[in-house]
Amino acid sequence: MTTAKRDTYTPETLLTVAVRVFNERGYDGTSMEHLSKAAGISKSSIYHHVTGKEELLRLAVSRALDGLFGILDEPGAIQGRAIARVEYVTRRTVEVLMAELPYVTLLLRVRGNTETERWALERRRGFDQRVSELLKDAVADGDLRADVDIRLATRLLFGMVNSLVEWYRPQPGGSQEAEQLADTVVQLAFEGMRAG
């Protein structure tokens, strides 16, 4: 790993470096020494901005979670039939994942070993529950098949969306690519679940 030399740094650039190192080494495998070398600053300079690596983790996963929960307050997620809302939330989840790829990748890799990780997992479950409720409403409206197990459908839906962190790499000027990918995920996810 190369050391990045910085004359100036901000909490945001420090967070960017920390997320990259956490994703490369794993959170548990990252020390403050690793972070200071990667940022090109002293450990004491890091402590000037944060209390330690767990605070950096919380800031990083909060960014991903805030992006996801923000979707649920958008007009497309709260207005209209449940099927349209759940498709909208799915599309926007893909878009947020692609826009915040390093942060969402880190969120999806937390395992519950620290207080921050347990907090993040609980919030993720809350997001999943909200989407599950939309799926149930779409079944109740008659727009999704009643024979589909909602818990299984929710897990499969998020399994497909979350797998993007493993292989998706943004291309320069990839906004059209992102839109096409989001459309494809929605089509594949809901085509087989729609009521006849």
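Below is a table of values for the structure above.
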item	result
Some residue of the stretch 83-100 being more than 13 Å from the chain's Cα centre (by Cα), surrounded by fewer than 18 Cβ atoms within 10 Å (Cβ to Cβ) and either in a helix (DSSP H, G or I) or modelled with pLDDT under 95 (or both)	yes
Leu181 more than 24 Å from Leu15 (Cβ to Cβ), surrounded by 14 or more Cβ atoms within 10 Å (Cβ to Cβ), assigned by TED's automatic domain parsing to the domain that holds Arg81 and in contact with a strand residue (DSSP E or B) (Cβ under 7 Å, 6 or more places away or on another chain)	no
Gly126 in a helix (DSSP H, G or I) and small (Gly, Ala, Ser)	yes
Residue, surrounded by the most Cβ atoms within 10 Å (Cβ to Cβ), within the stretch 28-54, restricted to residues that are of a type in the set (D, E, K, R) and without any contact (Cβ under 8 Å) to a residue 60 or more places away in the chain	Lys53
When residues of the stretch 1-59 are limited to those that are part of a helix (DSSP H, G or I) and of a type in the set (Asp, Glu), the one modelled with the lowest pLDDT	Glu12
Index of the failed condition, Trp119 passing every other in (1) out of contact with any Lys or Arg (no Cβ under 8 Å at 6 or more places or on another chain); (2) surrounded by 15 or more Cβ atoms within 10 Å (Cβ to Cβ); (3) in the same structural domain as Gln176 (by TED's automatic domain parsing)	(1)
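Table: residues versus (1) outside the structural domain of Glu133 (by TED's automatic domain parsing); (2) over 15 Å from Thr105 (Cα atoms); (3) among the acidic types (Asp, Glu).
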residue: Val17; (1), (2), (3): yes, no, no
residue: Asn23; (1), (2), (3): yes, no, no
residue: Gly29; (1), (2), (3): yes, yes, no
residue: Ser45; (1), (2), (3): yes, yes, no
residue: Asp66; (1), (2), (3): no, no, yes
residue: Glu74; (1), (2), (3): no, yes, yes
residue: Ile78; (1), (2), (3): no, yes, no
residue: Ile83; (1), (2), (3): no, yes, no
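The values are calculated or read from the model by the stated rules, or taken from the named source; none is laboratory data. Because the structure is a prediction, the values reported are computed rather than measured. Here Cβ is always computed from backbone atoms with ideal geometry, including for glycine, and neighbour counts include all displayed protein chains.
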